[in-house]
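The values are calculated or read from the model by the stated rules, or taken from the named source; none is laboratory data. Given the structure is predicted, the values throughout are model-derived calculations rather than measurements. Cβ placement follows ideal geometry from the backbone for every residue including glycine, while neighbour counts extend to all protein chains displayed. These area figures cover heavy atoms from the full protein model, side chains too; ligands, DNA and RNA do not enter into them. Shrake-Rupley method; radii C 1.70, N 1.55, O 1.52, S 1.80 Å.
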Amino acid sequence: SIKEVGGLPFPLIHSFGIIEDTLNLIDGVIITGGDFDINPSFYGQTNTNSRNEKKLKTSFEMELCNKCLLKDIPILGICGGEQLINVALGGTLIQDIKNLKLDNLEHEQPNPRNQTSHQVFIEPNTLLHGIIGKETIDVNSAHHQAVDKLGDGLTISGTSKDNIIEAIESLNHKWCIGLQWHPEFFITKEDKLIFIDFINNSKNN
């Protein structure tokens, strides 16, 4: 997805000793999710419903994220990456959406990930709204956790109809956006616009 919009992707190894050297070489960072959760100790909670924690990966990405924020390097957080941005800035997570026992959407969609499954409502006057130019978009969904208490300097830029936070962004950095869905599938033109804007801002970093 990075390559398709004119960027050059570099995978990063989880080595704390090279973070500073890495930041001197790159123009932007994408923090991805995966089949694991952030250890709740990172946000001051005990484990109630977190799965398959990867402490090394999380610790590395937390330090990488904090250093990028200090240097104002553009960050795109996808799914667990959105959650990590929030935790890095002092926020917390909902450990399992289903435990809320609300009239929730199916956030772990049963249909293929390269299809959409629900809508996200975009807040006006946000960076995300400026990028995509729409107040409602269709997204895919593959998560059981979500942002709860917002981290410092963050604002909500997108929610689903059951009020789960689907997008956040920093008010204190030039380009720091977290998305709960997976725009890298380029299912919609809005997904691609997000990547294009991320790359353009990274080139100008």
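For the stretch 97-116, enumerate the residues that are modelled with pLDDT of 95 or more and surrounded by 15 or more Cβ atoms within 10 Å (Cβ to Cβ).
Listed by number, the list holds a single entry, Thr116.
When you check Gly77 against the structure, is it more than 19 Å from Lys174 (Cβ to Cβ), of a type in the set (Gly, Ala, Ser) and surrounded by 15 or more Cβ atoms within 10 Å (Cβ to Cβ), yes or no?
So Gly77 does not fit the description; no.
Would you point out the residue of the stretch 119-137, among those that are free of Cβ contacts under 8 Å to residues at least 40 places away in the same chain and farther than 16 Å from Ile177 by Cα, that is surrounded by the fewest Cβ atoms within 10 Å (Cβ to Cβ)?
Thr136
Please list, ordered by residue number, the helices (runs of 4 or more DSSP H) wholly in the stretch 11-91 having 1 or more residues that are without any contact (Cβ under 8 Å) to a residue 24 or more places away in the chain. Let's see the steps before the verdict.
On the way: elements: 19-23, 55-71, 80-88.
Ranges flagged: 19-23, 55-71.
Checking Leu70 against (1) open to solvent by 70 Å² or more (accessible area, probe 1.4 Å); (2) more than 21 Å from Ile177 (Cβ to Cβ); (3) among the aliphatic types (A, V, I, L, M): exactly one of these is not met. Which one?
Among (1) open to solvent by 70 Å² or more (accessible area, probe 1.4 Å); (2) more than 21 Å from Ile177 (Cβ to Cβ); (3) among the aliphatic types (A, V, I, L, M), Leu70 violates only (2).
Consider Glu190 carefully, then state whether it is among the acidic types (Asp, Glu), open to solvent by 60 Å² or more (accessible area, probe 1.4 Å) and free of Cβ contacts under 8 Å to residues at least 60 places away in the same chain. Before the answer, list the steps.
On the way: among the acidic types (Asp, Glu): yes; open to solvent by 60 Å² or more (accessible area, probe 1.4 Å): no; free of Cβ contacts under 8 Å to residues at least 60 places away in the same chain: yes.
No.
If a residue must be in contact (Cβ under 8 Å) with a residue 40 or more places away in the chain, under 20 Å from Asn39 (Cα atoms) and either of a type outside the set (S, T, N, Q) or open to solvent by 20 Å² or more (accessible area, probe 1.4 Å) (or both), how many such residues does the stretch 138-166 contain?
10
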